[in-house]
Amino acid sequence: MIRIFLLLIVCLTTLPWTALVMAAAQAPVLQTRTEAPPQVGVVEYLLGEPTADFVDIAAADRQWQILTKPNLGKQREGAWLRFTLHNHGDDAERWYLLLKWPVVDRVAVRLHYPQSERWGTAMLAGDALALSVRPLADHHFVYPLELPPGEPVVVYMQVQAREILALPLELIDEKQLIEGKLRDVTLVSLFFGGILVIVLYNCSLLIFTRDRSYFLYVLYLLSAVFYVLTITGFGQLYLWPEIPELSARFYGLSAALCFFTPMLFALRFLGIRRYGGWVWTVSITLTCYWGLVTLTILLAPLLARYLFMEHVALLHCVLTMAVTLNLWARGNPSARLFSIAWSTLLAFTVINLLALNGTLPLNAWTLNGQLIGMFTEFVLLSMALAERINVERNRRIAAQQLALQASESLAEERALHLQAKQAALDFQLHTNELLEARVFERTRALEEVRQGLEAANAELMRLSTTDALTQLANRRRFDRLLDEEIRRARRSGSPLSVLLADIDHFKRVNDSYGHPFGDECLRQVAAVLAAHCQRAGDVAARYGGEEFVVLLPGLDAEQAFALAESIRCTIANLQLQHGDQPVALTISLGVATLTPALVAPAELLAAADSALYQAKNGGRNQVVLACGINAGEQARVLNA
């Protein structure tokens, strides 16, 4: 049976490898699966230029290169792609461009129509962006392309990723899009259905045997589920669609967990510690390394690139295979099936890693073959765990038979044997109690650590959105809230106003009385703003230096102007002292209200900034209303 299974593994690994190599030499970079696709030009790429826009990239004379394989390796500055599509039909058609690697940070696509010199709307997607900004909600990055009849269209793409820049591109029609999604959903559903059965089976064994090996194995299964959700794109589609700050790091985190949790399981299941030597050293070193990687991605993701995960992953595969084979050769009863299961996954993992590093092409085998390897490994590991139960049961039966024979042949020693059994039973009960107590203590300690981490994360979130000097919201938080409030105001039709304030002659205050006194002035002004923002939804923020901004949902221009005037008067009446010397402090404010002409955050802020500029030029210590409302209403507000 084992020989047949080993032969099957060889077939599964060598045949796909050969097919991959042949496909690498024949398959185009942009795949099409239709009988009459539009004419597709050569795909070209340009490295870097992360800050350029589409018009500049199209107009500038740059050295484009032909893309020969769907992988550009690691490119911290990102890359640009372009190719031409020509619809030779008589009617306009819609096609869909798919990027089937959903762990790219950001992908922007825009169409250029050279004959009419016009541009299509920019379409955005990426695991570092919310799902709501995508043109279509799908587990892949899908971009609808409108192709007019008889006119060539140039497709420009900007891609940015911290991981490997894999580019498996495909051009399909709407029918194939639906069929492909149905096929992927079916495959992933079958995988998760099988995993659910295995999880429930091992949870039942954990309940009956109380062996921590099953608990660690279930953790490994859940890590694999997390990883598959990430690499297939279904995680961001259904579970964390609007959390781009976290989903951007889920790929590295899930991959690290898929190395860390099986090492914890192997240490326990194979009893590696009792073998010592290089086997124990290698195993515990790899376990600690992946634990460090997991913590780094969670707490300091920017430092993860210095841990060389891709290179260590390949070394990990070789070393762990050597460890399991060594234990098999040394007679470890559980190492046989463990080695076979591990080698099955490693074969597909090595192919996947080599493909992501550009050695092999990215196609159906390298993108989805790892699911087959994972599922096969999990079935075999479950068999290994069940086999260990049978071995232990057989050992207990053999021991009982030996005891029975001894009791029949040595009747006079029966009482002694009974006492020995009773002592062994008491010892076993005591051992079980100690084991349960240790599990309870470990669980409680983990819960305390979890609560501490949650509190620390909450404090970090607060600090990242709060200005340290004034304790007001910082600019990052204000920009996010402004965008949300504008969307809410446009949906509900309610008014929304913004105040932009600047302390008059603040540089003179700093130069005359020193920066500590200037900081105190900023705190006093912040306190006044906070006191005037008592309604639910009001937000006062430090916008930079001596500039402040106030978000006032629900207030129209007249109400916002009155509130701004109240703020100005309160600050003008502040009693500030520098030693025995009184210091006068005034502020200028610009007020802007959301109108049909001002619908974007940048436009609303620009209107408030223009009004603030007029207040400064008009003599300071005054409030100016932006000219975003009609003339009659503005006159009424100003007269009031």
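The values are calculated or read from the model by the stated rules, or taken from the named source; none is laboratory data. Please read all numbers here as calculations on a predicted model, not as lab measurements. Note: ideal-geometry Cβ built from the backbone for every residue, glycine included; neighbour counts use all protein chains shown.
Values computed for the structure shown
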| item | result |
| --- | --- |
| Residue selected from segment 284-327 under the condition at pLDDT 85 or above and among the aromatic types (Phe, Trp, Tyr), by the criterion nearest to the chain's Cα centre (by Cα) | Trp290 |
| Qualifying residue in segment 153-175 (condition: small (Gly, Ala, Ser) and touching a helix residue (DSSP H, G or I) at 6+ places or on another chain (Cβ under 8 Å)) | yes |
| Test for Val188: is it at pLDDT 85 or above and not aromatic (Phe, Trp, Tyr) | no |
| Matching entry among Ala335, Ala300, Ala341 (being of a type in the set (Gly, Ala, Ser) and more than 22 Å from Arg274 (Cβ to Cβ)) | Ala300 |
| Entirely in segment 498-586, the strands (runs of 3 or more DSSP E) that have 3 or more residues that are surrounded by 13 or more Cβ atoms within 10 Å (Cβ to Cβ) | 539-544, 547-553 |
| Counted residues, segment 114-156 - those being touching a residue at least 60 places away in the same chain (Cβ under 8 Å) and in contact with a His (Cβ under 9 Å, 6 or more places away or on another chain) | 10 |
| Any hit, segment 211-227, residues being surrounded by fewer than 18 Cβ atoms within 10 Å (Cβ to Cβ), assigned to a helix (DSSP H, G or I) and either touching an Asp or Glu at 6+ places or on another chain (Cβ under 9 Å) or not hydrophobic (A, V, I, L, M, F, W, C) (or both) | yes |
| Residue in segment 32-58 that is surrounded by the fewest Cβ atoms within 10 Å (Cβ to Cβ), counting only those that are among the polar types (S, T, N, Q) and not in a loop (DSSP other than H, G, I, E, B) | Gln39 |
| Within segment 466-497, considering residues that are touching a strand residue (DSSP E or B) at 6+ places or on another chain (Cβ under 6 Å) and assigned to a strand (DSSP E or B), the one surrounded by the most Cβ atoms within 10 Å (Cβ to Cβ) | Ser497 |
| Meets criteria (in a helix (DSSP H, G or I), surrounded by fewer than 21 Cβ atoms within 10 Å (Cβ to Cβ), in contact (Cβ under 8 Å) with a residue 60 or more places away in the chain and among the hydrophobic types (A, V, I, L, M, F, W, C)) for Leu237 | yes |
| Test: Asp61 is surrounded by fewer than 16 Cβ atoms within 10 Å (Cβ to Cβ), within 26 Å of the chain's Cα centre (by Cα) and closer than 19 Å to Trp119 by Cα | no |
| Checking Val199 against (1) touching a helix residue (DSSP H, G or I) at 6+ places or on another chain (Cβ under 9 Å); (2) surrounded by fewer than 16 Cβ atoms within 10 Å (Cβ to Cβ); (3) farther than 18 Å from Phe141 by Cβ, the condition it does not meet | (2) |
| Residue ID - surrounded by the fewest Cβ atoms within 10 Å (Cβ to Cβ), chosen from residues in segment 422-457 that are over 25 Å from Leu295 (Cβ atoms), of a type in the set (A, V, I, L, M, F, W, C) and within 40 Å of the chain's Cα centre (by Cα) | Ala437 |
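Results for (1) within 22 Å of Gly252 (Cβ to Cβ); (2) surrounded by 20 or more Cβ atoms within 10 Å (Cβ to Cβ); (3) in the same structural domain as Ser254 (by TED's automatic domain parsing); (4) in contact (Cβ under 8 Å) with a residue 24 or more places away in the chain, shown as yes or no for each residue.
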{"site": "Gly271", "(1), (2), (3), (4)": "no, no, yes, yes"}
{"site": "Leu295", "(1), (2), (3), (4)": "yes, no, yes, no"}
{"site": "Phe308", "(1), (2), (3), (4)": "yes, no, yes, no"}
{"site": "Leu314", "(1), (2), (3), (4)": "yes, no, yes, yes"}
{"site": "Thr320", "(1), (2), (3), (4)": "yes, yes, yes, yes"}
{"site": "Leu325", "(1), (2), (3), (4)": "no, no, yes, no"}
{"site": "Arg336", "(1), (2), (3), (4)": "no, no, yes, yes"}
